[in-house]
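Reviewing the structure listed below.
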Amino acid sequence: FMIQEMEAWLLSQVDKIEEFAKSEGLIRKRVNEDIKSNPLINNIHPEAISKPSEKIDTIFRQYFDIVKIRGDKQIRKGKRYSKTKDGSKLIGLLDLKTIREDFDEAKWLLAYIDSHQDE
């Protein structure tokens, strides 16, 4: 396998997507449905998911709303995934030990970073 995008790491730990959503004040739709059971990712190794950023965007829209206030009205709208706004926050929530164990490329990247920290 070769990782396509960092979002594959996020899809490997969907509990972190839930944690992110709570911290961002998103409203959960499909309250009783576990994201892990979504057919886009269920029983698929994250490295084998094509276009993982698109899958995360779809999951965000299916499971979370943002609320905007316009005048005296509340407008609920499906949350879109933004690699630049949301990606770094989500990556920061990941369990690196698990990522290192589950993804060879992450293991190599983290080893490279570790070996070059003093430069």
**Request:** State whether one or more residues within region 81-88 are among the small types (Gly, Ala, Ser), in contact (Cβ under 8 Å) with a residue 24 or more places away in the chain and in contact with a Gly (Cβ under 9 Å, 6 or more places away or on another chain).
**Result:** no
**Fill in**
Within region 15-39, restricting to residues that are hydrophobic (A, V, I, L, M, F, W, C) and at pLDDT 90 or above, the one that is nearest to GLN62 (Cα to Cα) is ILE35
**Prompt:** Which condition does LYS97 not pass, out of (1) in a loop (DSSP other than H, G, I, E, B); (2) free of Cβ contacts under 8 Å to residues at least 24 places away in the same chain, if it passes all the others?
**Reply:** (1)
**Prompt:** Does GLY78 satisfy the condition of being touching a helix residue (DSSP H, G or I) at 6+ places or on another chain (Cβ under 8 Å) and either loosely packed, with under 12 Cβ neighbours inside 10 Å or farther than 15 Å from LEU10 by Cβ (or both)?
**Reply:** yes
**Request:** Being surrounded by 15 or more Cβ atoms within 10 Å (Cβ to Cβ) and in a helix (DSSP H, G or I) is the filter here, so list the residues in region 100-109 that pass it.
**Result:** ARG100, ASP102, GLU105, ALA106, LEU109
**Complete:** All-but-one check, GLN117 against (1) loosely packed, with under 12 Cβ neighbours inside 10 Å; (2) modelled with pLDDT under 85; (3) touching a helix residue (DSSP H, G or I) at 6+ places or on another chain (Cβ under 9 Å), failing number (3)
**Answer from ILE17, ILE66, ILE56, ILE41 - the residue that is in contact with a Leu (Cβ under 7 Å, 6 or more places away or on another chain), surrounded by 11 or more Cβ atoms within 10 Å (Cβ to Cβ) and in a loop (DSSP other than H, G, I, E, B)** = ILE41
**Prompt:** Which of the residues spanning region 25-38 are assigned to a loop (DSSP other than H, G, I, E, B) and over 18 Å from GLU7 (Cα atoms)?
**Reply:** GLY25, LEU26, LYS29, ARG30, VAL31, ASN32, GLU33, ASP34
**Message:** Suppose we filter region 44-53 for residues that are part of a helix (DSSP H, G or I) and under 10 Å from GLU7 (Cβ atoms); how many remain?
**Reply:** 3
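The values are calculated or read from the model by the stated rules, or taken from the named source; none is laboratory data. Just so you know, these numbers come straight off a predicted model, no measurement behind them. So basically every Cβ, Gly included, is an ideal-geometry build from the backbone, and we count neighbours across all protein chains shown.
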